[in-house]
């Protein structure tokens, strides 16, 4: 309302706002292209690998692996991602371990993805009928072969929708990387507002960019799910 009243009182202010929005668009888009999207992709891939091993450890009969996996998942899911990032970037230097901003963000996001995605993958593996295991054993496969060739491919199809949602959530969570000095989309918005104080305009513009990216990802997710349905038994 304040912004609208100021525009009504000073029509020339609208031109100024449009000029600021136009000039700030590319820096924020550049931040998204060079940091936000790559951070999301790299962290998700690493986190997904970690999630598979964690899920298998949770299902393992080896007690020590099961305990380690449970503790990892409990700690990561039970503490805020922002606090985890601060511990990695600002806390570890107290132990003599200094990690630069981008690797710190990747480590934090990967650990988070690994913990949450491991529960998705574990649930997907559990959902596969036991008869599938028995079928693998009956044709001479061992545990590893049955898991790799029969169980995991089926579990992957079940996992796609929730994992896709996790990736979209990760794209939004990368805004937290601005607090560990990564020049991603939101960090660019913060730096621009520091010079002109147009917080509402520029933060809304940043939100719109996030929304466009996530909308595109949602469309891709929908198409992938439709394609996967062709290979699902009815």
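Every number in this text was worked out from the coordinates using simple rules, so none of it is lab data. Predicted model, so just to flag it, every value in this text is computed and none were measured. Here the Cβ positions follow ideal geometry from the backbone for every residue, glycine too, while neighbour counts run over all protein chains shown.
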Notebook entry, point to check: Which of these, 200, 85, 56, has the largest mean-square fluctuation under a Gaussian network model of the chain (Cα springs below 10 Å)?
Noted result: 200
Item checked: FRET efficiency, residue 224 to residue 49 (Cβ-Cβ, R0 25 Å, nearest 0.05) -> 0.80
Notebook entry, point to check: How long is the gain from residue 172 to residue 19 if the chain were fully straight, where each residue apart is worth 0.36 nm and the alpha carbon distance is subtracted?
Noted result: 52.4 nm
Next item on the list: Return the distance in nm (one decimal) between the two label points of a simple spin-label model at residue 64 and residue 216, each offset 7 Å from Cα along Cα→Cβ.
Entry: 4.7
Item checked: Cβ-based exposure ranking for 28, 141, in which fewest neighbours within 10 Å come first -> 141, 28
Note to self: Given the -39500 (n - 2.57) contribution per DSSP H run of 4+ residues, what per-residue ellipticity at 222 nm results for the chain, rounded to the nearest 500 deg cm²/dmol?
What the structure shows: -25500 deg cm²/dmol
Next item on the list: Quickly work out the residue 87-to-residue 75 label distance, labels modelled 7 Å from Cα along the C-beta direction, and quote it in nm with one decimal.
Entry: 0.6
Next item on the list: Choose one answer from 49, 212, 160: the residue with the largest mean-square fluctuation in a GNM of the chain with alpha-carbon springs under 10 Å.
Entry: 212
Check: Expressed as a whole number of Å, what is the distance separating the alpha-carbon centroids of segment 64-87 and segment 164-205?
Finding: 25
Next item on the list: List the pair-distance distribution P(r) of segment 15-96, using every Cα-Cα distance, as the percent of pairs falling in each 10 Å bin from 0 up to the bin containing the longest distance, rounded to whole percents.
Entry: 14, 25, 29, 17, 9, 4, 1
Check: What is the chain's relative contact order, in percent, from Cα pairs under 8 angstrom and six or more apart in sequence?
Finding: 27
Check: Evaluated at 10 °C with a viscosity of 1.306 mPa s, what Stokes-Einstein diffusion coefficient in µm²/s does the chain have when Rh comes from the Kirkwood expression over alpha-carbon pairs?
Finding: 78
Next item on the list: Could you work out which residue, out of 179, 95, 111, moves most in a Gaussian network model of the chain, that is, has the largest mean-square fluctuation with Cα springs under 10 Å?
Entry: 95
Item checked: Gained length - residue 127 relative to residue 197, 0.36 nm times residue gap less alpha-carbon distance -> 20.0 nm
